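Notes follow the structure.
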Amino acid sequence: MTDAWRAAAADLWEQAPCGLLVAGTDGMVLRANATMCRWLGYAPAELVGVRKFPELMPMGARVFLQTHWTPLLQIQGSVSEVQLDLLHRQGHRVPMILNAIRRERDGRMQDEIAVLIATDRKLYERELLAARAKSEAVAIDLEQAQLKLRQSNDALFAEQRRKDEFLATLAHELRNPLAPLSNLVEVIRLRGGDARLSERELQVLSRQVAQMARLVDDLMNISRISLGRIDLRLEPADLAPLLKYVAEEAFPSAQAAGLTIRTELPAAPLWANIDRARLTQVVANLLNNSVKYSLPGAHIVLRATAADGAVVIEVSDTGIGIPPDQLTQIFNMFSQLTPALERSQGGLGIGLALVKGLVALHGGTVEAHSEGTGKGSRFTVRLPLIAPPPSVARETVPTLLGLGESGATVVIVDDNADAAEVLGMAMEMLGYRVTVAHSALDAFRLMAASAPQAAVLDIGLPDLNGYQLAQMIRGEPWGAAMVLVAATGWGQESDKRAARDAGFDLHFTKPLDFIELDKQLRSVLPKRG
Amino acid sequence: MSLQRRNNINIHGAGQATMVLVHGFGCDQSMWRHMVPAFQDSHRIIVFDLVGSGGSDLSAYDQTKYGTLHGYAQDLLEILDHYADGPVVLVAHSVSAMIGLLAANAAPARFAAQIMVGPSACYIDDESYRGGFSRADIEDLLDTMAGNYLGWSSTMAPAIMGAADQPELSVELTNSFCRTDPDIAKHFARVTFLSDHRADLAHCTIPTLVMQCTDDLIAPREVGEFIQRAITGSKLVLIDNTGHCPHLSAPDASIAAMREFLAGSP
């Protein structure tokens, strides 16, 4: 080996473009090249024979050295591409990549270590790691969002299916009364002439129409409750007579089904704040339910008591009962126990949902009990009991009296010709003189010519709406004192206010109850003179 | 899944008594390369890899189960149920000394004795207790772990599994003994270095040897002395060694200390 070559080799060792360090197996630094010393800020004499290799590292790297680096050197004699921070003499970290081999030299084992500065590579890798973590987080979010979407899709699908089933039931139920009605129309047509309806035919007519009306009422009520569009007219009332009345109403259908209804009502009054019409509906629905789900020979009991500050109304039967797992579900909408079209009992399956909604609006609760299938059912309604009001107003019984020979003049405006016609006939029977119009402008011309005492205006008219028509009427000398009655589809407070603002005196929800209309007209008309 | 595959269980020797060797944080059962030949004439030796390490089935790594050392203790007891008849001699390194302690506390009858190699019951300093580390040190270690894949990538995983049977291949696979999934390694590091089982020491009822290195960064001498004091009747032996793995770097002294202890144990 020439001196020149030896000098070149020594220079290459010192100035190599990587740091070189030799350490004993105890870690003591045996040699370090100039590059290594420069990168770490030490003079060779400050390292060689003075410091141990692990002392050039922060704690994390030292632990890693003991748990990974050293065992690897011991087991496989080498370690490569280890990324560790080394500490500069001034304390800052220098990210480095290290390779090492352990081998015997001059009879001693030693570790020969090569290092490269890896500042940029480390930054780059950190960015890659951060990007990966971010994309993993996004992937997890996405997965969760998809799961949620799937769940809500499933829920929507189930809801959709329940609604489809409900619509099928609805169509079926509305069609049922239509068949006898259309048959009856056919019978009347075949008989010809002005033959009067027989009592039996009238009963069919009235029963089927009542059935349809009940279905449609239930439907409207349930949607009003679910849209929050129902206002109760609460007033203190004694429940006993009301319950007695409802039970009596249910007797015929119970009898027809071979059932008995018994009432157990206390002698003392049961006072509660109720909307009479709605509570009647509640109890009637429960009784109707018992009738539907009992076999001939069963007994139905309507019982009312006062207990723990509540009025407790119970409807129990010895009917087909309710399976335990269905007890809480039966108050949900569209939740009839048997599939829609397989039943013979009829109904929309919304009766109990309606009961629950109406009872809740009264501040009460309703519960179902049953010992199981075949063991009968018991429905319990609880309403807050109140003290009797100081003076119980005597109920006034409406009298059905016409206005006499000088009957008032009324114009009825409705684009549904049949509805206008029938209301007109009813009003004529009550003694009014009636004319009918089917559009706002026709009605206006008619009224300008005849100046009637009152007008009943539908709001949804083909040309102008009822509010506009009312304003036009109020603008005329002949219309200033006319009694104007609005007929709207919804009975919300906002509808009533709109009617008042447009100049209406009275507001009715369709279908118009002509008895009530007559009553209110008579209380208003004389004052107008 | 078979226990054998889950923990890469290997049996050596044919002695009467059974000895179980459990590696610590970092590598795998190859850490016991000097111990197995030394004891295989006197013992039947069970070695295995902790789930998440070495040749274990990485798919069995459940972050919840292995979120505490109890998950590993449960595995150890399962292995004893399947592979050992009578009480065993347990030799456990580093964090596995605490895993062994938890198993021995749960089922003392399964163990004849235990040798804890470089144990620590708590790594982080706590008032008067000196574990040797601050929380910041542990975070620094986790950071170092994150930057070192030691050759890991998902495409390498199958090669690692086969490497143990093919020594000529393992030469090619540098760092293979410490190679593992980086996420698992980081989680295991966190569970290990944040564990505190000081309160469990007093419940130990089996003969115990604490084998402590004279200069060990991870388990300083005070820690070994603390453990020896806390386990009634336990013995402490100091091995003249720098580092955390006396069974690798000072095998002769380690073997001698173990033999002496075992000769004196029932």
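Please treat every number below as a calculation from the coordinates, not as lab data. This one's a predicted model, so the numbers in the text were calculated from it and none came from an experiment. Please note: Cβ atoms are built from the backbone with ideal geometry, for glycine as well, and neighbour counts cover all protein chains shown.
Before moving on, here are some points about what is shown:
- Interchain or long-range residues, amide H under 5 Å from A:A437's placed H: A:I412, A:V413, A:D414
- In terms of its C-alpha gyration tensor, chain A has a prolate overall shape, because the principal axis ratio a/c (a ≥ b ≥ c, square roots of the eigenvalues) is not below 1.5 and a/b outweighs b/c.
- Note: relative contact order over the range A:235-384, using C-alpha pairs below 8 Å and six or more positions apart, is 25 percent.
- Area projected by the alpha carbon convex hull of the range A:403-528, averaged over all directions, nm²: 6.8
- Between amide H atoms placed 1.01 Å from N, distances below 5 Å from B:G24 occur with B:H93, all of them 5 or more places distant or on a separate chain.
- Chain B, helix-only ellipticity at 222 nm - DSSP H runs n ≥ 4, -39,500 (n - 2.57), divided by all residues, nearest 500: -11000 deg cm²/dmol
- Partner chain coverage, peptide B:207-220 - average Cβ within 10 angstrom: 1
- Looking at chain B alone, DSSP beta bridges between its own residues are antiparallel in about 15 percent of cases.
- With respect to chain A, whose longest principal axis is taken over its alpha-carbon atoms, helix A:119-191 is tilted by about 20°.
- Averaged over A:84-92, number of beta-carbon atoms from partner chains that fall within 10 Å: 1
- Listed values for the range A:246-259 are Karplus-derived 3J(HN,Hα) couplings in whole Hz (6.51 cos²θ - 1.76 cosθ + 1.60, θ = phi - 60°), namely 4, 4, 4, 4, 8, 3, x, 5, 5, 4, 4, 8, x, 10, and x replaces Gly and Pro.
- Selected from B:Q29, B:Q74, B:Q16 as most flexible by GNM, with chain B as the system and alpha-carbon contacts under 10 Å: B:Q16
- Those aspartates and glutamates that a straight Cα-Cα span of less than 16 Å connects to A:K52, excepting residues fewer than 8 apart in one chain: A:D26, A:D85, A:D111, A:E112, B:D215, B:D216
- In terms of packing, defined here as the mean over residues of other Cβ atoms within 10 angstrom, the peptides B:17-26, A:82-91 line up highest first as B:17-26, A:82-91.
- Residue pairs, from the table A:K292/A:K356; A:K134/B:K65; A:K496/A:K519; A:K244/A:K292, whose Cα atoms sit over 23 Å apart: A:K134/B:K65
- Share, in percent, of DSSP beta bridges within chain A that are antiparallel, nearest 5: 70
- With Cα atoms, 0 to 90° folded angle of helix A:417-429 axis to chain A main axis: 40
- Comparing B:E127, B:E222, B:E139 in a Gaussian network model of chain B, where Cα atoms under 10 Å apart are tied by springs, the biggest mean-square fluctuation is seen for B:E127.
- Prolate/oblate/rounded label for the range A:3-120 (Cα gyration tensor, a/c 1.5): oblate
- Amide H partners (placed H, <5 Å) of A:S78, local residues excluded: A:R102
- Burial order of peptide ranges A:513-519, B:210-216 (average beta-carbon count within 10 Å, highest first): B:210-216, A:513-519
- Principal-axis tilt of helix A:199-226 within chain A, Cα atoms, nearest 10 degrees: 30
- Of the peptides B:96-109, A:269-282, A:209-222, A:158-171, the order by per-residue mean of other Cβ atoms within 10 Å, starting with the highest, comes out as B:96-109, A:269-282, A:209-222, A:158-171.
- Across the range B:58-69, coupling constants 3J(HN,Hα) worked out from phi with the 6.51/-1.76/1.60 Karplus curve, θ = phi - 60°, read 5, 5, 7, 6, 10, 4, 6, 4, 8, x, 9, 5 Hz, and Gly and Pro carry x.
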